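Presented below is the structure to which this report refers.
The values are calculated or read from the model by the stated rules, or taken from the named source; none is laboratory data. If you're wondering where the values come from, they're calculated on a predicted model, not measured in any experiment. Heads up, the Cβs are rebuilt from the backbone with ideal geometry, glycines too, and the neighbour counts pull from every protein chain shown. Keep in mind that these areas ignore ligands, DNA and RNA; they rest on the heavy atoms of the full protein, side chains included. Shrake-Rupley method; radii C 1.70, N 1.55, O 1.52, S 1.80 Å.
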Amino acid sequence: PMSEEEEIAQLFGQFSEVLGHSRALAALRRATAARKPHHAYLLLGPRGVGKMTVARALLSALLCEEPGADACGRCAACHKLRGSAHTGIHFVRPGGKSDSITVEQIAEIQRQLSYRRLEGDFRVVLIDDAGSMNESAQNKLLKTLEEPPEGTVMILCALHPGQLLQTVRSRCQKL
């Protein structure tokens, strides 16, 4: 299995890599070009549909230093993201014995978000397999979804909406 650093290094992406999803991509490109993204996105769909590809493109576009609707791939921020050295990305995935996202992981993200941003206009929290959060972890996440720190964008990826509490779903833009 890959280390977290190796996974983060593979998070760089561009919207041009995404096949299909034209309506969702158009909305995301408008938001990134205007530098006015929604504070939370919920990417839904079966495994292999491209949720992580879209998430990678979105977070790269948000962290990129060049103005535009997509990541340039050339600026210092894009290079840092490729080298897993960008301080603006927080990646959460299931793990441990239960293979779930725990309350402790959400608390750690909240702690990290309490510090000021070190670089760029945005910080991006990417929660892969958000449907693996138990009810306690989802309730803990609600505080951040309701009152996100300035410049924070959360991207949650899940198989279907029923995996998440209605209160979590209602605070995210669904794609």
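Of note:
- So ALA85, is it farther than 14 Å from ASP128 by Cβ and modelled with pLDDT under 90: yes
- Residues in segment 1-49 that are over 14 Å from VAL124 (Cα atoms), at pLDDT below 90 and touching a strand residue (DSSP E or B) at 6+ places or on another chain (Cβ under 9 Å): 2 in all.
- If you go through segment 53-85 and pick out every residue that is in a helix (DSSP H, G or I) and farther than 22 Å from LEU175 by Cα, you end up with 7.
- Screening GLU108 with (1) closer than 21 Å to ASP129 by Cα; (2) under 13 Å from the mean Cα position of the chain (by Cα); (3) at pLDDT 90 or above gives one miss only, at (2).
- Look at (1) open to solvent by 20 Å² or more (accessible area, probe 1.4 Å); (2) touching a residue at least 60 places away in the same chain (Cβ under 8 Å) and you find that LEU165 fails only one, number (2).
- If only residues of segment 56-77 that are under 21 Å from PRO149 (Cα atoms) and touching a residue at least 60 places away in the same chain (Cβ under 8 Å) are counted, the one that is surrounded by the most Cβ atoms within 10 Å (Cβ to Cβ) is LEU58.
- Residue check for VAL153: without any contact (Cβ under 8 Å) to a residue 40 or more places away in the chain, crowded, with 16+ Cβ neighbours inside 10 Å and in a strand (DSSP E or B): no
- Flag if GLY120 is of a type outside the set (S, T, N, Q), assigned to a loop (DSSP other than H, G, I, E, B) and surrounded by fewer than 17 Cβ atoms within 10 Å (Cβ to Cβ): no
- Against the test of being touching an Asp or Glu at 6+ places or on another chain (Cβ under 9 Å) and open to solvent by 60 Å² or more (accessible area, probe 1.4 Å), the options LYS51, LYS80, LYS97, LYS36 yield a single qualifying residue, LYS80.
- Of all residues in segment 10-49, exactly one satisfies the criterion of being closer than 17 Å to PRO161 by Cβ, under 15 Å from the mean Cα position of the chain (by Cα) and part of a loop (DSSP other than H, G, I, E, B), namely HIS38.
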